[in-house]
């Protein structure tokens with residue numbers, strides 16, 4: 001079996017206090033990376049993730065900051081490097097949704113989702129890339145969504161932001177590939193997790209059944225499914241993959 005060893009590497013996961021981000025952070029730590037747990041307001045939850053990693057023998061630190069804010073994003077990246085010594089892996093996971101049909105969507109709904117999801121990916125990436133260029137190594141993964149590839153009614157803002165993350169990854173990948181830096185995206189489908197609900201949290205039994213009937217794998221995904229894709233993309237085994245999007249959706253949009 002191909003074992004992924006990230007010993008000696010440092011990672012920053014944005015929006016990692018819960019949900020998919022927390023699971024990604026734990027998996028990176030299990031593989032040997034020192035992990036910075038970024039959060040905006042969920043300090044207690046972030047500390048719990050840090051404590052869990054430390055109690056399991058890993059290395060983790062909390063790094064507060066709103067990565068959609070210019071100065072805060074810079075501080076988050078700098079804080080990571082100051083405390084962990086370097087930055088090898090950046091996982092842009094922070095995100096929100098404000099779902100409603102376009103005719104009812106407010107400008108505030110649009111701006112908030114695009115700001116957090118897309119600007120909040122651009123800013124950490126912009127501040128991380130010069131560090132990675134200097135060390136001639138880096139792995140960047142954007143947590144997008146299948147919605148960014150297929151669209152979905154009631155999610156025009158979310159779909160636009162997630163499609164933007166994929167386009168951003170493709171463009172930056174071309175800019176930095178010669179410096180041994182890869183930039184890829186993971187596009188999850190319907191994911192279930194216990195601590196913060198996920199896309200399936202508010203579904204009725206009928207809705208769950210309808211969606212499951214469209215998924216060839218016959219089940220919803222887990223945060224571990226997403227984390228496994230991330231772990232692969234930041235590993236040495238994916239060194240020749242860049243500008244790509246891995247869909248983790250059980251075949252939903254195959």
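Taking the criterion of being surrounded by fewer than 20 Cβ atoms within 10 Å (Cβ to Cβ) and modelled with pLDDT under 95, the residues of the stretch 178-197 that qualify are 192, 194, 195, 196, 197. Within the stretch 64-107, track down each residue that is free of Cβ contacts under 8 Å to residues at least 40 places away in the same chain, part of a helix (DSSP H, G or I) and farther than 20 Å from residue 41 by Cα. Selection gives 82, 103, 104, 107. Within the stretch 110-122, residues that are farther than 17 Å from residue 100 by Cα have Cβ atoms under 7 Å from residues that are part of a helix (DSSP H, G or I) in these pairs: 118/161; 118/164; 118/165; 121/165; 121/168; 122/168, counting only partners at least 6 apart in sequence or on another chain. The residue pairs whose first member lies in the stretch 228-254 and is surrounded by fewer than 16 Cβ atoms within 10 Å (Cβ to Cβ), whose second member is in a helix (DSSP H, G or I), and whose beta carbons are closer than 8 Å, counting only pairs six or more residues apart or on different chains, are 241/233; 253/149; 253/150.
With the condition kept exactly as written, say whether any residue in the stretch 221-236 is part of a loop (DSSP other than H, G, I, E, B) and modelled with pLDDT of 95 or more.
Yes, the conditions are met somewhere in the stretch 221-236.
On the stretch given as the stretch 109-140, residues that are in a helix (DSSP H, G or I) and over 16 Å from residue 75 (Cα atoms) total 14.
The values are calculated or read from the model by the stated rules, or taken from the named source; none is laboratory data. Please read all numbers here as calculations on a predicted model, not as lab measurements. Every residue, glycine among them, receives a Cβ derived from its backbone with ideal geometry; neighbour counts consider all protein chains shown.
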